[in-house]
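This report refers to the structure that appears directly beneath it.
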Amino acid sequence: MKLIQTVKELKAQLDVLRKEGKQIGLVPTMGALHEGHASLVRRAVAENDVVVVSDFVNPTQFNDQNDLIKYPRTLEADCALLEKEGAHIVFAPSVEEVYPEPDTRQFSYAPLDTVMEGKYRPGHFNGVCQIVSKLFMMVEPHRAYFGEKDFQQLAIIREMVKQMQFPLQIVGCPIVRESDGLALSSRNARLSTEERQQALNISKTLFASVDFSKTHTVAETQAFVEESIAKADGLELEYFEMVDGLTLQKVNNWEDTDYIVGCITVYCGEVRLIDNIKYK
Ligand code: PAF
């Protein structure tokens, strides 16, 4: 496995491999890798000849500077995990390497990026599209792998690929959970033992809401989740929305569409956690 820090070297290495006819898979990450990332890398390794993992905390997608400062940076441990999972190249550039000058591009995929995270984290998806489009241009992968935990991000990246006609396939991969149900996230490392226990009520509520939904309306299911989180110790709901899985617009009835997902964001102490669940 090679650790590469410059775009020039990355492109030079990949040009050779591409000319040899190798299929290239890209797993974009911000590091602080865990089993959820490992599952993306394993899938990429199974489906490609060469797997590039980017490990870069992208400043342009943070609307909260405190969050950017506190974001864990663990390159050495990340490389050990990636080596074990069979990645071929780790691309860990500096901020100056990726943004030699400010990226002034504006991406707008309304209404996908104006709801949920888009409403609460202004500019976040613009930053995600800036870095992901740059990575696509630097790596020119055949396939790129993203987790379904960031459900809205995945929908927006699919739309960006369609509109910008990037010649690659986006592969969405299922959420990986701890055995007790907590969705894996790099932010879980910031939870105290007590908060970790409290955070469990997020996935528990979502799972219980799927059973509840079988005999109740969309509005009743929405209220069930909101009330359960309000009752749970240590959790503060930012939003829970039941949306069409493709358009991300709110649904009012089960019959509105055949793909309905509930997306939730909850503060556990100072840590902002997201999760989602499919109803149909
Ligand atoms: O999902 C993430 O970790 C980031 O948003 C991504 C896609 C790596 C872009 O920085």
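The values are calculated or read from the model by the stated rules, or taken from the named source; none is laboratory data. Keep in mind that what you see is a predicted model, and the values were worked out from it rather than measured. As a convention, Cβ positions derive from the backbone with ideal geometry for all residues, glycine included, and neighbour counts pool all protein chains shown. The accessibility values were calculated without ligands, DNA or RNA, using every heavy atom of the protein model including side chains. Shrake-Rupley method; radii C 1.70, N 1.55, O 1.52, S 1.80 Å.
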* Quick one: putting +1 on the C-beta of Lys and Arg, -1 on the C-beta of Asp and Glu, what dipole do you get for the stretch 221-280 around its Cα centre, in Debye to the nearest 20? -> 120
* **Inter-probe distance in nm under a simple model that places probes 7 Å from Cα toward Cβ, at Gln163 and Glu9** => 3.5
* **DSSP beta bridges in the chain [antiparallel fraction, %, rounded to 5]** => 50
* Asked: Using a Förster distance of 41 Å, how high is the FRET efficiency between Lys214 and Thr193, based on the Cβ-Cβ distance and rounded to 0.05?
  -> 0.75
* **Cβ-Cβ FRET estimate between Asp256 and Ile170, R0 fixed at 22 Å, reported to 0.05** => 0.30
* Structure fact -> With a ≥ b ≥ c from the Cα gyration tensor eigenvalues, square-rooted, and the rule rounded for a/c under 1.5, otherwise prolate when a/b > b/c and oblate otherwise, the stretch 137-217 is oblate
* With springs only between Cα atoms under 10 Å apart, run a GNM on the chain and tell me which of Thr60, Thr217, Thr265 wobbles the most. => Thr217
* **Stretchable slack from Asp180 to Ala46, in nm (0.36 nm times residue separation minus alpha-carbon distance)** => 45.5 nm
* Kindly provide the GluC sites (Glu not before Pro) of the stretch 6-78 that DSSP labels as loop, not H, G, I, E or B, and whose Cβ sees at most 10 other Cβ atoms within 10 Å. => Glu20
* Structure fact -> Relative contact order in percent for the stretch 44-174 (Cα pairs under 8 Å, 6+ apart) equals 27
* Relative contact order (percent) for the chain, with alpha-carbon contacts under 8 angstrom and 6 or more residues of separation? -> 17
* **Only Lys, Arg (+1) and Asp, Glu (-1) charged, at Cβ; the stretch 100-166 dipole about Cα centre in debye** => 100
* Would you mind checking the radius of gyration and Dmax of the chain based on alpha-carbon positions, in Å? => 19.1, 59
* Rounded to the nearest 0.05, what FRET efficiency do Arg105 and Glu226 give with R0 = 41 Å and r taken as the Cβ-Cβ distance? Could you check? => 0.65
* Roughly how many debye, to the nearest 20, is the charge dipole of the stretch 157-280 about its Cα centre, given +1 on each Lys and Arg Cβ, -1 on each Asp and Glu Cβ, and no other charges? -> 440
* Asked: Is the shape of the stretch 158-280 rounded, prolate or oblate, going by the alpha carbon gyration tensor and its root eigenvalues a ≥ b ≥ c, with a/c under 1.5 for rounded and a/b larger than b/c for prolate?
  -> oblate
* Structure fact -> Rounded to the nearest 500, the 222 nm mean residue ellipticity computed for the chain from DSSP H runs (n ≥ 4, each -39500 (n - 2.57)) alone is -12500 deg cm²/dmol
* To do: Just name one of Asn253, Ala223, Asn48: the one whose Cα is farthest towards the positive end of the charge dipole of the chain (beta-carbon charges, Lys/Arg +1, Asp/Glu -1).
  => Asn48
* Reachable lysines from Lys134, Cα under 20 Å, same-chain residues fewer than 8 places away excluded? -> Lys8, Lys11, Lys162
* Asked: Could you sort Lys214, Lys278 by accessible area so the largest value comes first, with the probe set to 1.4 Å?
  -> Lys214, Lys278
* How high is the relative contact order of the stretch 148-239, in percent, counting Cα pairs under 8 Å that sit 6 or more residues apart? -> 20
* Sparsely packed GluC sites (Glu not before Pro) within the stretch 226-280, loop by DSSP, other Cβ within 10 Å at most 14 -> Glu270
